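A.B. asks: Can you keep this structure in mind? I'll have questions shortly.
The values are calculated or read from the model by the stated rules, or taken from the named source; none is laboratory data. No experiment lies behind these values; they were computed from the predicted model shown. Here the Cβ positions follow ideal geometry from the backbone for every residue, glycine too, while neighbour counts run over all protein chains shown. All accessible areas refer to the heavy atoms of the entire protein, side chains included, with ligands and DNA or RNA removed. Shrake-Rupley method; radii C 1.70, N 1.55, O 1.52, S 1.80 Å.
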Number of protein chains: 4
Amino acid sequence: MSLINKQKQVDDWVQQFDPSYWPPLEKMARLTEEVGELAREINHRYGTKKKKDSEDKQEVADELIDILFTLICIANDEDINLEKAWQKMVEEKMQKRDINRWKKKDNFQK
Amino acid sequence: MSLINKQKQVDDWVQQFDPSYWPPLEKMARLTEEVGELAREINHRYGTKKKKDSEDKQEVADELIDILFTLICIANDEDINLEKAWQKMVEEKMQKRDINRWKKKDNFQK
Amino acid sequence: MSLINKQKQVDDWVQQFDPSYWPPLEKMARLTEEVGELAREINHRYGTKKKKDSEDKQEVADELIDILFTLICIANDEDINLEKAWQKMVEEKMQKRDINRWKKKDNFQK
Amino acid sequence: MSLINKQKQVDDWVQQFDPSYWPPLEKMARLTEEVGELAREINHRYGTKKKKDSEDKQEVADELIDILFTLICIANDEDINLEKAWQKMVEEKMQKRDINRWKKKDNFQK
């Protein structure tokens, strides 16, 4: 399922509610909250204060998706096509600005 | 293009480099940095300290994609399938936990 | 109690433990987590998804202090004197760069 | 200089301007932006993408203070006494909840 389909799926769902999208600065604060939850999981998984829980990877996945959901809400409310924006990033950064930004692997062949 | 394809596209690109993915806590810090850049744009666009610049919407789009790129790097390095994780969120949250979480529009009909 | 005294108080406390300070990128992730918790409280207090709880102001205070505690840990581990750094900011920003940055109140007299 | 004095110093300065404090969600977004800037410096200093710059420590200090300034603005606008809130944290967390939270150093004597 493409990002556009996900944007549509989220929009259909959000449009049920009144109000539908939260105001921009609230969505931003929500994103900050979700990123904080991911940070906690990453610290649990890789930091000094390790959790034993084997569920960590799923929790990381859940947090990533909560962030993605919030990104999509921001994009929808701004009428941003994420697929086009992704393509722009690929062309401008991955294929141009950053193409030699880091050391290449010795054996790398495209 | 699906999220899986984007995960593959990013992986092909990152695998050129040595080191390829940054360590988890560095990717996390990078995500925090990118979210901060989005916050600045959202404040420019909706806050008291408004910028005149008509480019703002594109800048919001660019920042969203930078965040998405970092999310995908985290997912790839953790071997997380974002498409499956999205589907889990849809089933557990959108279709179950949150289905009546907020006030529905009076005229809403599915 | 000055910031220097707080830095000393935190250092005395942290030095009990082994390891004492977490590595820098873990402290950074912890800060991100604490900022996310503040964002949640701010959204509860000022956003659409309002909580009724009258405890909110105390919770905001608690989150601010958790952030301050983490800032102090970062400063201590980097051997940064926050009092001097504050004074530098006052002189360079408050008294110089930003002195006319925003509209002054009509009736403002220093 | 105590935190209370810093709160007063910031308040005197902010009260010159019209509007004085930004709305809560804008201050929150500003905090997120400042934390992102610290994350960038921490990655520069400790991450794979190291900068050579010897100025890094000062930059970390500057970012910590920008965060502290924003915390103080949030506290002031909420009429929160940070000194009291700090003391509450010391009593409830440092002296109680967390007193045996981590492994003590073998040779630690209070």
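A.B. asks: Answer with yes or no whether C:Asn81 is surrounded by 19 or more Cβ atoms within 10 Å (Cβ to Cβ) and among the polar types (S, T, N, Q).
C.D. replies: No: the conditions fail for C:Asn81.
A.B. asks: Tally the residues that are modelled with pLDDT under 95 and among the β-branched types (Val, Ile, Thr), restricting the search to the stretch D:42-89.
C.D. replies: So the count comes out to 1.
A.B. asks: Which numbered condition in (1) under 15 Å from B:Gly36 (Cβ atoms); (2) over 15 Å from the mean Cα position of the chain (by Cα); (3) among the aliphatic types (A, V, I, L, M) is the only one that D:Val35 fails?
C.D. replies: (2)
A.B. asks: Can you find, within the stretch D:1-51, the residue that is least open to solvent (accessible area, probe 1.4 Å) among those that are of a type in the set (Ser, Thr, Tyr) and closer than 22 Å to C:Ala61 by Cβ?
C.D. replies: Taking the candidates together, the pick is D:Thr32.
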